[in-house]
Every structure is written in C-alpha cells, then in structure tokens.
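Undergrad: Shown below is the structure under consideration.
The values are calculated or read from the model by the stated rules, or taken from the named source; none is laboratory data. Treat the numbers as computed from the prediction; the structure is a model and nothing was measured. Glycine also receives a Cβ, built like all others from the backbone with ideal geometry; neighbour counts cover every protein chain displayed. Accessible surface areas use protein heavy atoms only, side chains included; no ligands, DNA or RNA. Shrake-Rupley method; radii C 1.70, N 1.55, O 1.52, S 1.80 Å.
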Amino acid sequence: MENWQICEAECLQYLKKNFSDSKYNFKPEGGSDSTKSDILLTKSGIAIFYIESKMKQAQCGQFVVYQEDRRFTNSTRNRHSTSFAEEIIIEKMNEKFDFLANPGTTGKDLDLDKSYYYDWIMNYYEAKKVRYFIVEKEVGRNNLFADNFIIFPIQHFYKYFDATAKYRVKKSGSTSPSHNSIDEIEDIFRKNKISYSDLHFEDTKVFVSIPRKNEKFQLEGIYYDYQFNPIKNEKFEIRRLSNTRNANVIFSISLIQDQQERDLEKFRLEFN
C-alpha cells in the first residue's frame, strides 16, 4: 500500500476507535478517486460531513492551466472550479509569464502570496463538503494514540499547514481500463515476462494478482501506459493512464502546528 493509503486507513481506524458509537460511524469514501473526500461521518446512517486525511507533508489539490497567445488561461476541465481563487492565481502568473511559460516536468515555484493558496485549498475542499481535517504525524507504525493525530476545522487550515505551489507538466490522470484494454494488458505482461492470474472486472474496476509484488508500478503499452496500485496480498487495481500531458498548478502542504485543544474540542462537540 502507498503511504497515503496507510494514512487514510489508520486515520479511519483512529476515528472509529475514539468517536464511533451506536449513532455515529465513519466510512471510507475517497480512495484513489480525487473527486471525493476520504472519510464520511454518518449519524444513524445519514451523511453528515466529510473528513480529509493528510500526512504531515502532502500534495493538496491541483488545477490545469493552459497557455494561449502568450497568456495563461483557466481550463474548463477542472472538476472543482474555485474560479475566484483560480482567476487571481492565474492573473498573478501572467505577471511572470516569461519565467513560468515552460515549466517542464520538474516545474517552477509560483512564489505568490500564500493567502491565494489557502483560499484555493479551502474552497476546493469545501466544495467536497469537507468540514474537518485529520493529520497523522507518523504513518505506518500502527500508532493509534491521540498524540499521533491532529484534528481541526477547515477554517483553521492556514494555522496548521504551510502551503506552496508549483506549476509543472504532468499526465492528466487515470481511468479504469475498458474491456478493449484487456488484450493490451495481457500483451504487456507477456512482453515483460510478468506472471499473473485472476485478471478480472469488479463492477467498473479491473484487478489482477501478481506474485511477489506489493508496491505500485507502471508498465508501458503500445497505446496506453498502465499503473498497478497495490490493494492487499499481491492483488492490484489496474489504472489506464492518460496520454494527455497538461501543465498544472499543484499545491503542497507541510505541517507547522501541533494540536490545539480548542479545535479538538470543537470536533468532540459534533457528537453531542
């Protein structure tokens, strides 16, 4: 499993252990789907709000920026439009067009006023109905004690995290392979002499078992590249990577504040 998956699972376990009861429960929602938040709180089976899990250093959203006639412009493909914040950032980027115009895959730091980043991040997660963040400081050690977790309302995001932004080129995402992709996937396995079994669909997702592998990896096909995300016990979900390469503004965060008791108390009051 990836560290972010371990973090999400351990945050969920911590919340269940400390806050679940006969009425309140937590369920995983996001996974690798960036359009959904991570953990849903329900009361008597009814959705209340979402909680986003984060490691102490993590990426925290992105949006596509195009170039037209020596100007940066917004993309209609951005799923969660936070147009006001995006427009300001793009306007500031245009003031540095010559420096930012060719970012490559390494990218270039935007170096703007951080208040623009916080506005974008908060709007992005509010659109996904996130009310709280939970941060796990040390991931993967099965440390479920309270001092390893921080919980705070989204309004205080700027108090807990430093935020930076980079403009760089990256592939635009992934989808579940279609039935037409199965032949190509099997050809890739044969070409790379990879043993596999139980290649199958579960609803719209595609899974495969690969012996002696437990970490994420990618393989190149004739028409598409494919990513293999570990689930458990040598089982992988297969994702078909997009051939489109777009330049994105990508936000990163780093924890700067330990738990403030008033913020944790605010979270506890949600269960009264």
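Undergrad: On the protein heavy atoms, probe 1.4 angstrom, tell me the percent of accessible surface of the chain carried by carbon and sulfur. Numbers along the way, then the final one.
TA: On the way: 6680 of 14840 Å².
Taking all protein chains in place, the chain shows 45 percent carbon and sulfur surface.
Undergrad: Can you list residues whose amide H is under 5 Å from Gly173's amide H, if they're 5+ apart or on another chain and H is modeled 1.01 Å from N?
TA: Correct list: Ser242.
Undergrad: Note the per residue figure in Å³ for the convex hull of the C-alpha positions in region 90-161.
TA: Numbers: hull volume 10.2 nm³, N = 72.
Each residue corresponds to 141 Å³ of Cα convex hull volume.
Undergrad: At a temperature of 4 °C and a viscosity of 1.567 mPa s, determine how fast region 224-272 diffuses translationally according to Stokes-Einstein, using the Kirkwood radius over alpha-carbon pairs as Rh; express D in µm²/s, rounded to the nearest whole number.
TA: On the way: Rh = 16.0 Å.
So the translational diffusion coefficient is about 81 µm²/s.
Undergrad: Keeping every protein chain present and rolling a 1.4 Å probe, give me the accessible area per residue for the chain in Å². Working shown, then result.
TA: Numbers: 14840 Å² over 272 residues.
Result: 55 Å² per residue.
Undergrad: May I pose another question? Considering every pair of different Cα atoms, what Kirkwood radius, in Å, is found for region 134-173?
TA: Numbers: mean 1/r = 0.0765 Å⁻¹.
Mean inverse Cα-Cα distance, inverted, gives 13.1 Å.
Undergrad: About the Cα centre, and with charges only on the beta carbon of Lys, Arg (+1) and Asp, Glu (-1), how big is the dipole of the chain? Nearest 20 debye, please.
TA: Values: 41 positive and 41 negative charges, 57 e Å.
Computed about the Cα centre, the dipole is about 280 debye.
Undergrad: Based on the alpha-carbon gyration tensor of region 197-257 and its eigenvalue square roots a ≥ b ≥ c, which shape applies: rounded if a/c is under 1.5, prolate if not and a/b is larger than b/c, or oblate?
TA: Judged from the Cα gyration tensor, region 197-257 comes out oblate (a/c at least 1.5, b/c at or above a/b).
Undergrad: Over region 49-207, what is the relative contact order in whole percent, taking alpha-carbon pairs under 8 Å and six or more residues apart? Don't skip to the end; give the middle numbers.
TA: Values: 163 pairs, mean separation 40.9, N = 159.
Reported as a whole number, the value is 26 percent.
Undergrad: Which whole-number percent is the relative contact order of the chain (Cα, under 8 Å, 6+ apart)?
TA: Values: 501 pairs, mean separation 61.2, N = 272.
Taking the mean separation of contacting Cα pairs over the length of the chain, I get 22 percent.
Undergrad: Taking the convex hull of the Cα atoms, report for the chain its projected area averaged over all directions, in nm². Provide the component values of the computation, followed by the final result.
TA: Working: hull surface 65.8 nm².
Averaged projected area of the chain's Cα convex hull equals 16.5 nm².
Undergrad: Then there's this: Applying the Karplus parametrisation 6.51 cos²θ - 1.76 cosθ + 1.60 with θ = phi - 60° to the phi angles of region 45-62, what ³J(HN,Hα) value in whole Hz is obtained for each residue in order, glycine and proline being reported as x?
TA: Once θ is set to phi - 60°, the couplings for region 45-62 become x, 9, 5, 10, 6, 9, 10, 9, 9, 9, 7, 5, 10, 7, 7, 8, x, 7 Hz.
Undergrad: Can you find, among Tyr223, Phe236, Ser181, the residue farthest towards the positive end of the dipole of region 173-238? Put +1 on the C-beta of Lys and Arg, -1 on that of Asp and Glu.
TA: Result: Phe236.
Undergrad: Still on this structure: For region 240-250, in order, what is each residue's ³J(HN,Hα) by Karplus, 6.51 cos²θ - 1.76 cosθ + 1.60 with θ = phi - 60°, in whole Hz (x at glycine and Pro)?
TA: Calculated HN-Hα couplings, in order: 8, 7, 5, 7, 7, 10, 10, 8, 10, 8, 10 Hz.
Undergrad: So how many Å³ per residue does the convex hull of the Cα atoms of region 42-119 work out to?
TA: Numbers: hull volume 11.6 nm³, N = 78.
Spelled out: Cα convex hull of region 42-119, divided by residues, is 149 Å³.
Undergrad: While we're here: Could you tell me which of the pairs Lys27/Lys128; Lys137/Lys159; Lys54/Lys92; Lys171/Lys191; Lys159/Lys216; Lys23/Lys129 are separated by over 22 angstrom between their Cα atoms in the structure shown? Numbers along the way, then the final one.
TA: Values: Lys27/Lys128 16 Å; Lys137/Lys159 16 Å; Lys54/Lys92 28 Å; Lys171/Lys191 24 Å; Lys159/Lys216 33 Å; Lys23/Lys129 20 Å.
Over 22 Å Cα-Cα: Lys54/Lys92; Lys171/Lys191; Lys159/Lys216.
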